[in-house]
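First up is the structure itself, then whatever we jot down about it.
The values are calculated or read from the model by the stated rules, or taken from the named source; none is laboratory data. This structure is a prediction, so every number in the text was calculated from the model and none was measured. When we count neighbours, we look across all protein chains shown, and the Cβ atoms used for this are built from the backbone with ideal geometry, even at glycine. Quick note on the areas: whole protein, heavy atoms, side chains included, nothing else; ligands and nucleic acids left out. Shrake-Rupley method; radii C 1.70, N 1.55, O 1.52, S 1.80 Å.
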Amino acid sequence: MLDKKRSVFDIRPEQDDHPYQLYRSTTDFVRRFVNQAVFNTLKIIDNMGILYPNNIRKMGCFKNKWPTCGHFDIREGKRSIIAEMESWNALPALKDWMFHVSFISLTRQIHTEFYTYQVLWSVPTPIYPEPQVTVAVFFYVAASTIYPPHFPVDVTYCFEGHQFMHNLNIPFRPKWLYDILDMKTMMFKTFTF
């Protein structure tokens, strides 16, 4: 009999319960990897439900409460935007400003509902109780119907005349409202009636 030379690749673990036995083929490895990934994802989703039992999330720089995807409607959206605007209004630079929130539209696409709101900001004065110039901020809220009900809604906002979309994690700057108000006031003064 000829002695067979043992190759490095022929070495097998001596024990049957060795962890390498689980990876006998690429298919076994991929199956175990995918199963573990799905299990971990489901565990994370389940834990999110425990962390937010009241179907309300605190979002943005001001940590205001926003309803989740499964519990969002027009009234809850307006209530949340009013709370966010009151946080803006609490800033010292905007203490004399007033705002009004109105619902504009609801658009349904395949798996998402898009809510649009308009917030009008103005600075009434004793001379002009009805302001000559207002600043509009448009809020867009996307509530997914395929995500679990405890997932947060996606909230973005845009100032009139601008295309840049802000999200609630970007710190709000009162200067953004003042810039638009000043520009509109300068234009208003150039008109003759």
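Of the trypsin sites (Lys or Arg not before Pro) found in the stretch 68-147, those in coil by DSSP whose Cβ has at most 11 other Cβ atoms within 10 Å are LYS95.
Report the local net charge at CYS61: Lys and Arg +1, Asp and Glu -1, summed over other residues whose C-beta lies under 15 Å from its C-beta.
Values: positive: ARG57, LYS58, LYS63, LYS65, ARG173; negative: GLU84, GLU86.
Result for the local shell: +3.
Place a point 7 Å from the Cα of GLN109 along the Cα-to-Cβ direction; which residues of the stretch 115-151 have their backbone N under 18 Å from it? Flagged as within label range: 115-117, 139-148.
With protein chains left intact and a 1.4 Å probe, residues in the stretch 86-193 average 63 Å² of accessible area per residue. The count of lysine pairs in the stretch 36-193 whose Cα atoms are under 28 Å apart, excluding pairs fewer than 8 places apart on the same chain, comes to 20. Stretched out straight at 0.36 nm per residue, the stretch from HIS100 to TRP176 would grow longer than its current Cα-Cα span by 25.6 nm.
Sequentially through the stretch 83-97, phi angles give Karplus couplings (6.51, -1.76, 1.60; θ = phi - 60°) of 5, 5, 5, 5, 5, 5, 5, 6, 5, x, 6, 10, 5, 8, 7 Hz, Gly and Pro residues having no value and appearing as x. What net charge do the residues around TYR115 carry, taking every other residue with its C-beta under 13 Å from that of TYR115, with Lys and Arg at +1 and Asp and Glu at -1? Net charge in that neighbourhood comes out at 0. The alpha carbon gyration tensor of the stretch 64-117 gives principal lengths a ≥ b ≥ c with a/c of 1.5 or higher and a/b greater than b/c, which makes the shape prolate. By the Kirkwood approach, averaging reciprocal distances over each pair of separate Cα atoms, the stretch 51-189 gets a hydrodynamic radius of 16.0 Å.
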